[in-house]
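Some notes on the structure that comes next.
The values are calculated or read from the model by the stated rules, or taken from the named source; none is laboratory data. Everything numeric in this text was worked out from a predicted model, so none of it was measured. Backbone-built Cβ (ideal geometry, glycine too); neighbour counts: all protein chains shown. Ligands, DNA and RNA are stripped out before the accessible areas are found, and what is left, the full protein with its side chains, is counted by its heavy atoms. Shrake-Rupley method; radii C 1.70, N 1.55, O 1.52, S 1.80 Å.
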Amino acid sequence: MKSILRELQVDPNEIEYLGKNLQRPECILAQRDGTLWSADARGGVVRLDPDGSQTLIAQQQSHAFENRKNDHEKFVTGTLPNGLAFAKNGDILIANFGTDRLELMKQTGETEVLYDSLNGKPIGKVNFVIRDSKDRIWITVSTLLPNWMESASSIKRDGFVALADEKGLRIVADGFAFTNEIRLDEKEEWLYIVETTGMKITRMRVLDNGDLVDRETYGPENHGAFIDGIAFDSKGNLWGTHIMTDHIFAILPDGDLTIILDDDNNSIPGKNLLEAFKEGKATPELMMECGGKIAPWMASITFGGRDLQTVYIGSLRGTNIPFFRSPISGLPLIHW
């Protein structure tokens with residue numbers, strides 16, 4: 001059956017926006033009542049209510065991100081809440097890409113550190129977190145290098161996926177090129193793993209005990225672009241973002257890739273960055289020149305709205321949240 005996504009092209013003029021003065025709204029959580037929660041570089045999350053009001057929730061508000069004059073330093077130092085997930089009781093799991101730890105924050109701001117080390121060593125750049133139906137927590141670590149931009153300048157396979165269950169925290173798969181977002185399919189049979197600098201998505205079969213086996217590439221072997229966030233819709237299509245060259249794509253169940261939104265349009269900065277990366281010479285300066293106008297440095301995809309047909313775009317350099325309507329509903333996350 002022909003997928004409607006093969007022909008879908010999102011019109012930039014039809015994109016709407018919500019929120020204001022957000023700082024690094026990388027990841028977005030949506031609830032059934034229309035409430036959104038956005039990661040924020042001031043040290044927590046911003047709650048965006050359906051009536052349009054927004055509230056910053058943080059244990060201690062940080063102004064480091066907004067006050068730093070050097071754009072490069074903004075994205076590699078300080079508190080940088082990144083991936084978000086709801087704990088079973090409604091608290092928020094925060095993968096903090098700046099403090100290098102997995103944190104748990106109550107919706108009133110009180111925060112505790114769940115993990116900042118593994119096997120007696122610093123855990124590395126904690127990027128993303130999800131929770132499954134067994135209440136296990138899956139996290140990704142992109143790299144062991146403190147400055148992630150150094151890791152993103154060329155392929156370094158020091159990223160891994162870790163699982164926290166009743167046995168504690170352990171690595172279940174490693175050797176990834178800048179591990180980024182992960183998602184489970186509807187039946188939780190496969191874990192899909194973004195390799196940002198590997199420019200591909202890997203998937204692994206999930207065994208009952210949480211071990212991962214049968215590693216394989218899902219979709220194209222090379223996207224020719226850096227991948228960041230992914231999310232499934234209800235028809236088995238895997239949506240995602242190309243960061244810095246700012247595309248939204250979908251991988252159809254047959255493995256074909258289609259571009260749904262292009263906010264780069266083959267730009268010169270994007271070309272320069274990708275060419276430099278091929279030579280192992282990508283620099284923070286080249287990265288900072290990239291980015292579209294809709295959601296600069298597109299990072300994540302979140303399905304929301306009561307019908308799960310509203311698509312929200314997270315970004316690293318945006319100050320609000322763009323959204324548009326999808327013809328297909330999203331796959332409900334475990335908290336839905």
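Scanning the range 249-278 for residues that are crowded, with 18+ Cβ neighbours inside 10 Å and among the β-branched types (V, I, T), we see that the one that is farthest from D233 (Cα to Cα) is I260. Residue check: is N127 at pLDDT 95 or above and over 19 Å from C27 (Cα atoms)? No, not satisfied. Look at the range 279-293: where a residue is open to solvent by 30 Å² or more (accessible area, probe 1.4 Å) and a partner is charged (D, E, K, R), sitting 6+ places away or on another chain with Cβ atoms under 6 Å, you get M288/D71; G291/R317.
For every residue, the table says whether it meets (1) part of a loop (DSSP other than H, G, I, E, B); (2) touching a strand residue (DSSP E or B) at 6+ places or on another chain (Cβ under 7 Å); (3) open to solvent by 40 Å² or more (accessible area, probe 1.4 Å); (4) at pLDDT below 95.
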site: E26; (1), (2), (3), (4): yes, yes, no, no
site: D33; (1), (2), (3), (4): yes, no, yes, no
site: S38; (1), (2), (3), (4): no, yes, no, no
site: R47; (1), (2), (3), (4): no, yes, yes, no
site: I57; (1), (2), (3), (4): no, yes, no, no
site: Q61; (1), (2), (3), (4): yes, no, yes, yes
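Tell me which residues, restricted to the range 294-321, are of a type outside the set (S, T, N, Q), open to solvent by less than 10 Å² (accessible area, probe 1.4 Å) and in a strand (DSSP E or B). Result: M298, A299, I301, G304, V311, I313, G314, I321. Just one of (1) under 19 Å from the mean Cα position of the chain (by Cα); (2) more than 18 Å from Q23 (Cα to Cα) fails for I294. It is (2). When the criteria are applied in full, T179 meets the requirement of being at negative phi, out of contact with any helix residue (DSSP H, G or I) (no Cβ under 9 Å at 6 or more places or on another chain) and either open to solvent by 30 Å² or more (accessible area, probe 1.4 Å) or in contact (Cβ under 8 Å) with a residue 12 or more places away in the chain (or both).
Each residue in the range 236-275 was checked for being touching a residue at least 40 places away in the same chain (Cβ under 8 Å) and either farther than 19 Å from K200 by Cβ or charged (D, E, K, R) (or both), and 4 pass.
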